[in-house]
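K.L.:
This structure is in structure tokens; I'll ask about it shortly.
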Amino acid sequence: MDAPILVLGVRRSGTTLLRVMLDRNPVLAVPDESYFIPQLASRHRGTLDVEAFADDLRRLPTIAEWDVPVDAVQERIRPDGELGDAIAAIYEVYAERHGKTRWGDKTPMYMQYLGLLERLFPTASYVHLIRDGRDAALSHLAVPPGIMTESWGYPRDAAGFACQWRSEVLAARGLGHRVGAGRYLEIRYEALVDDTRRELEAICAFADLPYESAMLDYPGAVDVSAKAHQQSLRTAPTQGLRDWRTEMDPAEVAAFERIAGDLLTSLDYELADRLQAEGPDMRARLALASYEAKELAWRTSGTAMQRSPLWRRRHPLL
């Protein structure tokens, strides 16, 4: 298959909207969020053991939900092959079962694993969707705490989300700088909502995909009955679903801009306080350092647990 298309974006930046549009392309299959790539990568280092890899796939609920036969995946894997090719085989089988010839992925959590994605899929194309971080924060903070908890890397205040938004947007832009314009495309959520066809045509041209008007016909065809925070997918793209100017508490706006005001400015988003365009002050830098330490600890502890025999016994589905 041709190179995969990986959708990047901080959570609540419209990546699900973009995914369902791209998935309606006649060539491209983009399943729902996968989550399993870092797990598989941490568990299968060195020489690839095909049987052990297939055994882990049988334990993954996502593989069953995608209706991907593990035997079909296993048949594609070479004993002397690369781990990235083995993981790609999962998506290839999924794509073929949906009559598609290319595959993609959209999992916002992978914004914390960009280096891993690049090592596994060195020919991948990246589409980075950026949304005004204050609007993304509004959307994120509206999700019930029971769904997103800080202990699993989900900030629960504007300042915490600003740290994540700033760190992840800069990391993705850094990746784009390294791989070049031929493999990295940056688009804005606001532009996607304002002129959806124009932006989809640009993505298709970038990724060498045929543009199809069916990509716009997703309303009513997406099952979001159990996802209260995705009900906007029932309708066509709508401007102003979130507006930090009228909906966000001024204290939260100030907290966000103190940490990410310079990045907002460089992306041509207006600030409530223009003085915050100068960059994080000492207080904001301390908040960023604290966030980065917590994020590293979360990823490190998660990886260690996934590799341990105790984790495997207590969590047979990885």
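The values are calculated or read from the model by the stated rules, or taken from the named source; none is laboratory data. Computed from a predicted structure; not experimentally measured. Neighbour counts are summed over all protein chains in view; Cβ atoms, including those assigned to glycine, are modelled from backbone coordinates with ideal geometry. Note: accessible area is taken over every heavy atom of the protein model, side chains too, but ligands, DNA and RNA are not part of it. Shrake-Rupley method; radii C 1.70, N 1.55, O 1.52, S 1.80 Å.
K.L.:
Residue check, D55 against (1) touching a helix residue (DSSP H, G or I) at 6+ places or on another chain (Cβ under 6 Å); (2) under 14 Å from F36 (Cβ atoms), all met but one. Which one?
P.N.:
(1)
K.L.:
Shifting gears a bit: Find the residue count for the range 248-265, including only residues that are small (G, A, S) and either assigned to a loop (DSSP other than H, G, I, E, B) or open to solvent by 60 Å² or more (accessible area, probe 1.4 Å) (or both). It would help to see each step written out before you state the result.
P.N.:
Taking the range 248-265 as the starting set, the residues that turn out to be small (G, A, S) are 251, 254-255, 260-261.
Subsequent filtering for residues that are either assigned to a loop (DSSP other than H, G, I, E, B) or open to solvent by 60 Å² or more (accessible area, probe 1.4 Å) (or both) retains 251.
Qualifying residue count for the region: 1.
K.L.:
Another one. So, in the range 170-188, of the ones that are assigned to a helix (DSSP H, G or I) and out of contact with any strand residue (DSSP E or B) (no Cβ under 6 Å at 6 or more places or on another chain), which residue ends up nearest to D2 (Cα to Cα)? Before the answer, list the steps.
P.N.:
Of the residues in the range 170-188, the ones assigned to a helix (DSSP H, G or I) are 170-179.
Now drop any that are not out of contact with any strand residue (DSSP E or B) (no Cβ under 6 Å at 6 or more places or on another chain), which leaves 170-171, 173-175, 177-179.
On the way: L170: 28, A171: 25, R173: 24, G174: 24, L175: 21, H177: 22, R178: 21, V179: 17 Å.
Checking each candidate, the answer is V179.
K.L.:
Residues being open to solvent by 40 Å² or more (accessible area, probe 1.4 Å), under 19 Å from D243 (Cα atoms) and more than 23 Å from the chain's Cα centre (by Cα): count how many of those fall in the range 266-280.
P.N.:
Residues flagged as open to solvent by 40 Å² or more (accessible area, probe 1.4 Å), under 19 Å from D243 (Cα atoms) and more than 23 Å from the chain's Cα centre (by Cα) within the range 266-280 amount to 4.
K.L.:
If you don't mind, another one. Got at least one residue in the range 160-170 being within 20 Å of A293 (Cβ to Cβ) and more than 17 Å from the chain's Cα centre (by Cα)? Reasoning before the result, please.
P.N.:
Taking the range 160-170 as the starting set, the residues that turn out to be within 20 Å of A293 (Cβ to Cβ) are 160-170.
Imposing the further condition that a residue be more than 17 Å from the chain's Cα centre (by Cα) reduces the set to 160.
Looking for residues that are within 20 Å of A293 (Cβ to Cβ) and more than 17 Å from the chain's Cα centre (by Cα), one finds at least one in the range 160-170, hence yes.
K.L.:
Are there any pairs with C-beta distances below 6 angstrom linking a residue in the range 194-206 that is touching a residue at least 40 places away in the same chain (Cβ under 8 Å) to a residue that is surrounded by 12 or more Cβ atoms within 10 Å (Cβ to Cβ) and not in a helix (DSSP H, G or I), with the two at least 6 apart or on different chains, and if so which?
P.N.:
From residues that are touching a residue at least 40 places away in the same chain (Cβ under 8 Å), the pairs are T196/P237; I203/V127; C204/Y211; F206/L185.
K.L.:
Residue by residue through the range 174-188, note down the ones that are open to solvent by less than 60 Å² (accessible area, probe 1.4 Å) and more than 17 Å from R19 (Cα to Cα).
P.N.:
If the condition is that a residue be open to solvent by less than 60 Å² (accessible area, probe 1.4 Å) and more than 17 Å from R19 (Cα to Cα), then G174, L175, G176, V179, G180, R183 are the ones that fit.
K.L.:
Now, a different point. Residue under question is A191, and the condition is that it be touching a helix residue (DSSP H, G or I) at 6+ places or on another chain (Cβ under 7 Å) and either modelled with pLDDT under 95 or surrounded by fewer than 18 Cβ atoms within 10 Å (Cβ to Cβ) (or both); does it hold? So that I can check it myself, show each step before the final result.
P.N.:
Working: touching a helix residue (DSSP H, G or I) at 6+ places or on another chain (Cβ under 7 Å): yes; either modelled with pLDDT under 95 or surrounded by fewer than 18 Cβ atoms within 10 Å (Cβ to Cβ) (or both): yes.
Answer is yes for this residue.
K.L.:
Conditions: (1) of a type in the set (S, T, Y); (2) at pLDDT below 95; (3) in contact with a Phe, Trp or Tyr (Cβ under 9 Å, 6 or more places away or on another chain). S167 meets all but one. Number of the miss?
P.N.:
Just one mismatch for S167, condition (2).
K.L.:
Within the range 194-209, track down each residue that is surrounded by 19 or more Cβ atoms within 10 Å (Cβ to Cβ), aliphatic (A, V, I, L, M) and either in contact with a strand residue (DSSP E or B) (Cβ under 8 Å, 6 or more places away or on another chain) or at pLDDT below 95 (or both).
P.N.:
Pass one, the range 194-209, residues surrounded by 19 or more Cβ atoms within 10 Å (Cβ to Cβ): 199-200, 203, 207, 209.
Then keep just the ones that are aliphatic (A, V, I, L, M); that gives 200, 203, 207, 209.
Within the range 194-209, I203, A207, L209 meet the criteria.
K.L.:
Sticking with this one: Let me spell it out: the conditions are (1) aromatic (F, W, Y); (2) within 25 Å of V193 (Cβ to Cβ); (3) within 14 Å of the chain's Cα centre (by Cα), and Y113 meets all of them except one. Which number is the exception?
P.N.:
(2)
K.L.:
So for the range 281-300 (the condition being open to solvent by 60 Å² or more (accessible area, probe 1.4 Å), farther than 16 Å from A137 by Cβ, assigned to a loop (DSSP other than H, G, I, E, B) and without any contact (Cβ under 8 Å) to a residue 12 or more places away in the chain), does at least one residue qualify?
P.N.:
no
K.L.:
Another one. Determine whether the range 238-246 contains at least one residue that is part of a helix (DSSP H, G or I), modelled with pLDDT of 60 or more, more than 24 Å from G115 (Cβ to Cβ) and open to solvent by 40 Å² or more (accessible area, probe 1.4 Å).
P.N.:
From the range 238-246, those part of a helix (DSSP H, G or I) are 244-246; that's our starting set.
This time we only want the ones that are modelled with pLDDT of 60 or more, so: 244-246.
Subset that is more than 24 Å from G115 (Cβ to Cβ): 244-246.
This time we only want the ones that are open to solvent by 40 Å² or more (accessible area, probe 1.4 Å), so: 245-246.
Yes.
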